[in-house]
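Okay, so here's the structure we're looking at.
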Amino acid sequence: MAIITLTTDWGTKDPFVAIVKGILLTHLRTANVVDISHDVSPFDYIEANYILKNSFPYFPKGTIHIIGMEDHFNEAHTNPLCIKYDEHYFLGNDTGIFSLMFGKIEDDIVEIDITSLENKTFVVRDVLVKAAIHLAKGGHLDDLGERKNNLVARIIPDATYEHNSIRGFVTYVDSFGNLITNITKLLFDKSREGRRFTIVLKTQSQYIKSISNSYNHAKENTMFAYFNSENNLEISMGMDKAAKMLNMRFGDSIRIEFDVDSNR
């Protein structure tokens with residue numbers, strides 16, 4: 001039984017998701033079509049990267065992942081790709097999401113030629129769904145197009161440590177308004193050396209001086225920090241949205257300042 005996932009910025013009000021599912025189930029009656037998310041912010045491939053990168057490893061090998069996000073801002077990359085990575089298949093436009101998800105890869109990348117497609121307004125329906133059906137029925141990757149060996153290069157910088165301070169930024173805001181950062185527990189533990197610390201948020205007057213073990217330690221309307229299941233520092237507020245209360249969003253800086261001459 002084929003497993004096909006959908007990650008889009010379409011929302012659920014319009015018929016697009018139903019159209020794609022209808023075609024898939026018409027040709028693959030026993031397929032399991034899974035919605036990863038349809039609430040990605042419009043054209044936000046960085047947000048889509050976070051959602052899909054943290055989701056796909058939990059699916060079985062052989063799963064086919066369709067990414068429904070158009071690339072209206074870069075006419076040089078009009079042909080969608082099919083990529084085989086870690087025994088999963090990924091279909092979508094090369095907006096930069098693939099290099100964010102996989103880093104630099106040179107093998108198992110196929111460019112699907114759509115130059116003969118007269119109407120390119122619904123490429124997911126007219127091209128990617130057909131490619132997914134082909135793969136689900138045992139078709140070969142190379143049947144879909146020509147091989148290529150490069151991707152549109154995008155990076156999200158790692159957090160850094162210098163001058164007794166870790167500098168990072170918000171990489172994702174979830175539906176609860178939690179601020180997820182690129183500061184890892186590994187970097188924090190390596191840099192701390194037993195010292196007291198202050199997590200500085202948007203301004204010097206907004207700060208946290210401890211790290212909790214989980215959500216369960218949250219007090220109502222109180223800001224707190226913890227390392228999430230992906231071991232990234234996350235800022236939350238008990239029974240409220242940290243992003244709204246702090247007026248913070250993707251890209252805003254977060255620092256952890258360590259006391260120079262102190263130990264806990």
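The values are calculated or read from the model by the stated rules, or taken from the named source; none is laboratory data. If you're wondering where the values come from, they're calculated on a predicted model, not measured in any experiment. A quick note on method: Cβ atoms are made from the backbone with ideal geometry, for glycine too, and the neighbour counts reach across all protein chains shown. These area figures cover heavy atoms from the full protein model, side chains too; ligands, DNA and RNA do not enter into them. Shrake-Rupley method; radii C 1.70, N 1.55, O 1.52, S 1.80 Å.
Each of D35 and M1 was given a label point 7 Å from its Cα along the Cα-to-Cβ line. The distance between the two points is 1.9 nm. The relative contact order of region 1-86 comes to 41 percent, based on Cα pairs under 8 Å that sit 6 or more residues apart. For region 120-179 and region 5-84, compute the distance between their C-alpha centroids and round to whole Å. Centre-to-centre (Cα) distance: 10 Å. Among the listed values [x] 1.06; [y] 1.16; [z] 0.98, the one computed from these coordinates for Cα Rg over 2.2 N^0.38 Å is [y]. Among 113-124, 80-91, the peptide with the highest mean count of other Cβ atoms within 10 Å heads the list, and the full ranking is 80-91, 113-124.
Apply the a/c threshold of 1.5 to the C-alpha gyration tensor of region 1-67 and tell me whether it is rounded, prolate or oblate.
Taking the square roots of the gyration eigenvalues as a ≥ b ≥ c, region 1-67 is oblate.
Computed on protein heavy atoms with a 1.4 Å probe, the accessible areas place M245, M101, M1 in the order M1, M245, M101, largest first. The Rg/Rh ratio for region 167-207, using Cα coordinates for both the radius of gyration and the Kirkwood hydrodynamic radius, is 1.01.
Peptides 186-195, 167-176 ranked from most to least packed by the mean count of surrounding Cβ atoms within 10 Å: 167-176, 186-195. Computed extension gain for K244 through N216, at 0.36 nm per residue and net of the alpha carbon distance, reaches 8.0 nm. If you take the square roots of the eigenvalues of the alpha-carbon gyration tensor of region 199-257 and sort them as a ≥ b ≥ c, do you get rounded (a/c under 1.5), prolate (a/b over b/c) or oblate? In terms of gyration-tensor shape, rounded.
By definition, a body whose alpha carbon gyration tensor gives a ≥ b ≥ c is oblate when a/c is 1.5 or more and a/b is not larger than b/c, and region 152-236 fits this oblate description. Per residue, the accessible area of the chain comes to 54 Å² when a 1.4 Å probe rolls over the protein heavy atoms.
As a fraction of the 1.4 Å probe accessible area of region 1-141, surface on carbon and sulfur atoms comes out at 50 percent.
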